1. Taking each residue of A:99-112 in turn, how many C-beta atoms of other protein chains fall within 10 Å of its C-beta, and what is the average?
2. Rank by packing, highest mean first: peptides A:104-110, A:178-184, with packing defined as the count of other Cβ atoms within 10 Å averaged across residues.
3. Could you sort the peptides B:164-175, A:59-70, A:147-158 by per-residue average Cβ neighbour count (10 Å cutoff), highest mean leading?
4. Please report the spacing between the Cα centers of region B:105-147 and region A:28-78 in Å, no decimals.
5. Which angle from 0 to 90°, rounded to the nearest 10, does the C-alpha axis of helix A:57-76 make with the longest principal axis of chain A?
6. Quote the total accessible area buried by chains A and B together, excluding ligands, DNA and RNA, probe 1.4 Å, nearest 100 Å².
7. Is it possible to state the helix-based mean residue ellipticity at 222 nm for the protein assembly as shown, with each DSSP H run of 4+ residues giving -39500 (n - 2.57), the sum divided by total residues, to the nearest 500 deg cm²/dmol? What is it?
8. If A:Arg141, B:Arg88, A:Arg16 are ordered by their accessible area, calculated over protein heavy atoms with a 1.4 Å probe, which sequence runs from highest to lowest?
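The values are calculated or read from the model by the stated rules, or taken from the named source; none is laboratory data. Values in this document were obtained by computation on a predicted structure and should not be read as measured data. Cβ sites come from the backbone with ideal geometry, for glycine too, and all protein chains shown count toward neighbours. Note: accessible area is taken over every heavy atom of the protein model, side chains too, but ligands, DNA and RNA are not part of it. Shrake-Rupley method; radii C 1.70, N 1.55, O 1.52, S 1.80 Å.
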2 protein chains.
Amino acid sequence: MGIEERKQREKEQMRRLILDAARAIFLEKGYYQASIRTIADKIEYSPGTIYLYFKEKDEIFLALHNEAFGQLFELMAPLRMVEDPFERLIAMGRIYIDFALKNKDLYDLMFIMQAPMNMLDDACHWTEGDRVFDYLVDTVRQCQAGGRMQGHDPSTLSFSIWSAMHGMCALYCRDRMMVVAHVSDEFSSESELLEGAFRCYIDMLRKL
Amino acid sequence: MGIEERKQREKEQMRRLILDAARAIFLEKGYYQASIRTIADKIEYSPGTIYLYFKEKDEIFLALHNEAFGQLFELMAPLRMVEDPFERLIAMGRIYIDFALKNKDLYDLMFIMQAPMNMLDDACHWTEGDRVFDYLVDTVRQCQAGGRMQGHDPSTLSFSIWSAMHGMCALYCRDRMMVVAHVSDEFSSESELLEGAFRCYIDMLRKL
DNA sequence: CAAATAAATGAACAGTGTTCAGTAAATCCA
DNA sequence: TGGATTTACTGAACACTGTTCATTTATTTG
């Protein structure tokens, strides 16, 4: 009898229901407004019920964090079509920054917030992060095999590249870009500055 | 009569008392543990009193944020001694990263946390940030005057450089460095990776 | 010394994450 | 089908949060 299977399915549906509500509130009003009670209200269950599906609030946000990585992976999938590794590296950076620009809060959740990290610092193994980073290291290695960016440890260089990309995105997410004179918090000028800084960096990589 | 002056002085002393307690708790147990009540407990006043000296919690943390910038400025003062602008640029980066490494939570407060920014997004003028950034732009301009890093808008290039530095520090502060294989959250290996990535970046700047 | 001003209090409000005894529904077994 | 058992859900309660404000205490002024 498929009773066990149906229960499993219902459990999964309930998790989905909670996650969808949590994501909606999170994206609309931010992490702190996305309280257990507001999530419970939205799905018309009592607060206690949520704890039957998630051990704690941050576990919900780890799940959302993982989903968001899924989105980013999908956006990066077309990179396989780019044959030249250096061109692929550039395209990868562009996709990364573009994702941050268009999904500020998801980017924040993935790479800035402490919440999801608190959930996995026991095992100390950040699977989603590893996956993106490994792909980056691979690409960097291929660039080096093609004669570019010689004389640097690929992991270290990859981290350096990632840092440069993340730095821009993090300053954007956390509203630190207004120090640059011609940017006064307007989206278009912010994204222009990011584009400009990205071009600077690519120019550096090209000459390395 | 100096009664007004004494009152002013006492008011200032009380602010100091609150800020010192807040900083101590913040550095020991983090932002959320540094609640109004724990601060009030530490200085042996009632919670309500704190609101006679600060409009809201984040105003306390803006003050701490400003103090922290004071610290960073002091560390950067010796840069005036470095004559060659490019050497100065490198030294500046080193001081910046070193500050983040040794003052994780202060760096976080200065460049990552939303708290202090919430206090000034009306005026939209981040004085402390401007000051560091302007100094950076100046240095970059001097480098360009000396023939280095030609063909880039100094502001944009400066932002790009700052981003690269901030990226490393932010990934460090928010525990995203464990994706790099030979780093397993140990301080020494983290700081070694930061040093390595910094050297990579300097190498890039040199060739630009 | 009394009146007026200033400073400090702590209870109260509305919110938070989380727990858990109690209730309601679904399932199992005779 | 009917009663026992397991599962799902509830919502009050706990200990906390930032913030406000009537009340009390202390200081200064006339």
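1. 1
2. A:104-110, A:178-184
3. B:164-175, A:59-70, A:147-158
4. Distance between centres, Cα-based: 33 Å.
5. The angle comes out near 40 degrees.
6. On the way: alone 12230 and 12200 Å², together 20040 Å².
For A against B, buried area totals roughly 4400 Å².
7. Details: 20 runs with 300 residues, N = 416.
Taking each H run of at least 4 residues, the total per residue is -23500 deg cm²/dmol.
8. Output order, biggest surface exposure first: A:Arg141, A:Arg16, B:Arg88.
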